[in-house]
Amino acid sequence: MIDPAPFYMIVIVAALMVGAYRMVHGRAARMVAEFRTETTLPDAQPRHHARLAAALVGLAGVAIYLIGLAARGGDPTLAEDAVWLAAIVLGPAAVTGLCLANVRPDFAARARVEYMAETGLMALALVALLTTVGIVGSLVFEASLFFRNVSVLDFLFGTHWSPQTPIRAGQAGQSGAFGAVPVFAGTFLVTLIAMVVAAPVGLMVAIYLSEYASSRTRAVAKPAIEVLAGIPSVVYGFFALISVGPLIRDAADWLGFGVSAQSALAVGLVMGVMIIPLVSSLSDDVIRAVPQSLRNSSTALGATRSETLKRVVFRSALPGIIGAFLLAISRAIGETMIVVMAASRAATLTGNPFDAVTTVTVQIVALLTGDQVFDSPRTLAAFALGLVLFVITLLLNIGALAVVNRYRVRFE
Amino acid sequence: MVEDKPIKFSGRCVSVHYGASRALHNVDIDIPDRNVTALIGPSGCGKSSLLRVFNRMNDVISNARVTGEVRMDGIDIYAPDVDPVLLRARVGMVFQKPAPFPRSVYENVAYGPRLHGLARTKARLDMLVERSLRRAGLWDEVKDRLSMPAPGLSVGQQQRLVLARSLAIDPDVILMDEPASSLDPIATARLEALIEELKTRYCIIIVTHSMAQAARISDHTAFLHKGELIEFDQTERLFTNPADIRTQDYITGRFG
């Protein structure tokens, strides 16, 4: 059964806000009429008073609403709801009264509205910040639980990964091993293959679009390439699973050697195609940001177009291009859907792109899906992996931003 | 016109169009070598377009079209067998706003010689860099910090640096497009003294908005108006005894 009370409470709060606005505005307007000769800018004042009142009423109402919602519990009684209703009407009513009492010519409503807007925006910014802190905190906490069972060194430097732990004591063949090296090696192998595809292709696309393409070509080609970025990664995963993987396997069969359909090569290739638009559009931006005057100077010194491109444009844009690459790498490392669909789950420590490898994201998904005891090392291992992944991408992003910022300063 | 110096550039019926609009119309001009020639005129009169005719920088603008005949030392520089890239190596250019490459002072000056393979050894390159910086009057200020990033220099120093950069490939001609417009009076005075020195070695063509500057530094002055060359004469004569009423109006400040 649907409980309508919370919805009506919100409507009541909204109605009270409108009421407070009208009442305060009316009172302030009447007062302005009396003081019209003494103030210089009287006509805006009622609006500021009314806004302030409405905002305060809204704040009080929402606060009472949330407190009520939290205190209400799963099975509310009519009496509890009556108290809630009374509070949600009386609280804002008291605030409205306070505001009405404060409608005086010497009350700086406008400055307070300004102050409230500032505080409100700061609070919203804080929400984003606190969420991040909360996520990192929970990652660290769960990972620390994991590291109570498995030593950090074994985790970071162990070369054997088989996270099946015995559910009952004495169960055979289920000894957990949490050496994460093969998992990270798999991630890096796939990322490397993806970058081998995406870096040169993306860069060439960017150079073509920014330096050679006519504006008409550009108007068509740039959105077309960016469509690639709009394809959901599950579609890429599907493509890797049923087309590219088997294609590479069949080609290898034909050449006479056996290759897994889940080879790192297939996954990396598809992932590379997926991040081409990221590399090309970021690089395109930085190449176009190189001032035309530098190109002209180089041309006037007798450099050809490609010499100018190589020696001036590319050199000037290099920090930005490196930044683009780093962002693409962190995207590839964190990519989940393609690898979950098309990569292996078994952790093999190998540098051979034709072997099947697993990645950090695949393992996290594998560890957390299915029926699990939540405090087993097996489940907690996912948080440890997540933490390390987070640290790696964080460092890459910080590095990318630092490089890009240094570049920005240079032309100012 | 009395000429004691050989003619460097001779233009006949030179017109420049940008798309449908005409920037320069049937200009005939003979520019003497080892001399400073100033191009003056109100904004949009075509003086920059004329300047860019001499090193074919108009080619870089996609809808620009140059017609007529321009000869440098008697050779048609718009002939199909002339490589504009090689022409630009002989005709250097300094722009209105200095645009040093975001690299070191040394690398900026060494850019041209490296590009054209002028220095086989490091010692020769060092020599070229030093000579160019000396000619541009910048050596004493930067000799101890050749490896500092060039964009960190002051604007006046940057303008002399880009001048040194064009001198490093040893051109015959230096084109200057309002080189002093972003400089303060002291830096402008330095640049003008430098131009005075350089004209013994190079043919210099300078576009300027300042008639006082044209009068101070140039030997010949061309006055352009609405895409046409109104008057071209020795600077002294043009400023003291202009033949055309429009020239007189412009130099006396009646318009422009």
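The values are calculated or read from the model by the stated rules, or taken from the named source; none is laboratory data. This is a predicted model, so every value here is computed, not measured. Backbone-built Cβ (ideal geometry, glycine too); neighbour counts: all protein chains shown. These accessible areas exclude ligands, DNA and RNA; they are computed on the full protein's heavy atoms, side chains included. Shrake-Rupley method; radii C 1.70, N 1.55, O 1.52, S 1.80 Å.
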Residues of region A:269-295 that turn out to be small (Gly, Ala, Ser) and under 17 Å from B:Pro151 (Cβ atoms), as a count: 2
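Results for (1) more than 14 Å from A:Leu385 (Cα to Cα); (2) at pLDDT 90 or above; (3) not polar (S, T, N, Q), shown as yes or no for each residue.
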position: A:Ala128; (1), (2), (3): yes, yes, yes
position: A:Ser144; (1), (2), (3): no, yes, no
position: A:Gly158; (1), (2), (3): no, no, yes
position: A:Pro166; (1), (2), (3): yes, no, yes
position: A:Ala169; (1), (2), (3): yes, no, yes
position: A:Gln174; (1), (2), (3): yes, no, no
position: A:Ala180; (1), (2), (3): no, no, yes
position: A:Ala185; (1), (2), (3): no, yes, yes
Scan of region A:293-311 for residues that are more than 7 Å from chain B (Cβ to nearest Cβ) and under 16 Å from B:Asn55 (Cα atoms), ordered by number: A:Arg295, A:Ser298, A:Arg305
Residue satisfying condition, being in contact with a helix residue (DSSP H, G or I) (Cβ under 6 Å, 6 or more places away or on another chain) and either open to solvent by less than 50 Å² (accessible area, probe 1.4 Å) or within 18 Å of B:Trp139 (Cβ to Cβ) (or both), within set B:Leu163, B:Leu224, B:Leu191, B:Leu198: B:Leu224
Where A:Ile231 falls short, out of the listed (1) surrounded by 15 or more Cβ atoms within 10 Å (Cβ to Cβ); (2) in contact (Cβ under 8 Å) with a residue 24 or more places away in the chain: (1)
A:Gly245 being in contact with a strand residue (DSSP E or B) (Cβ under 9 Å, 6 or more places away or on another chain), assigned to a helix (DSSP H, G or I) and either away from every other protein chain (no Cβ under 14 Å) or of a type in the set (Ser, Thr, Tyr) (or both): yes
Among (1) away from every other protein chain (no Cβ under 14 Å); (2) in a loop (DSSP other than H, G, I, E, B); (3) at pLDDT 90 or above - the single one B:Leu183 does not satisfy: (3)
Qualifying residue in region A:303-326 (condition: of a type in the set (Asp, Glu), out of contact with any Leu (no Cβ under 9 Å at 6 or more places or on another chain), in the same structural domain as A:Leu192 (by TED's automatic domain parsing) and surrounded by fewer than 23 Cβ atoms within 10 Å (Cβ to Cβ)): no
Selection count where residues are within 24 Å of the chain's Cα centre (by Cα) and within 11 Å of chain A (Cβ to nearest Cβ), scope region B:124-157: 2
One residue from A:Ile398, A:Ile338, A:Ile329 being away from chain B (no Cβ under 14 Å), open to solvent by 30 Å² or more (accessible area, probe 1.4 Å) and touching a residue at least 24 places away in the same chain (Cβ under 8 Å): A:Ile329
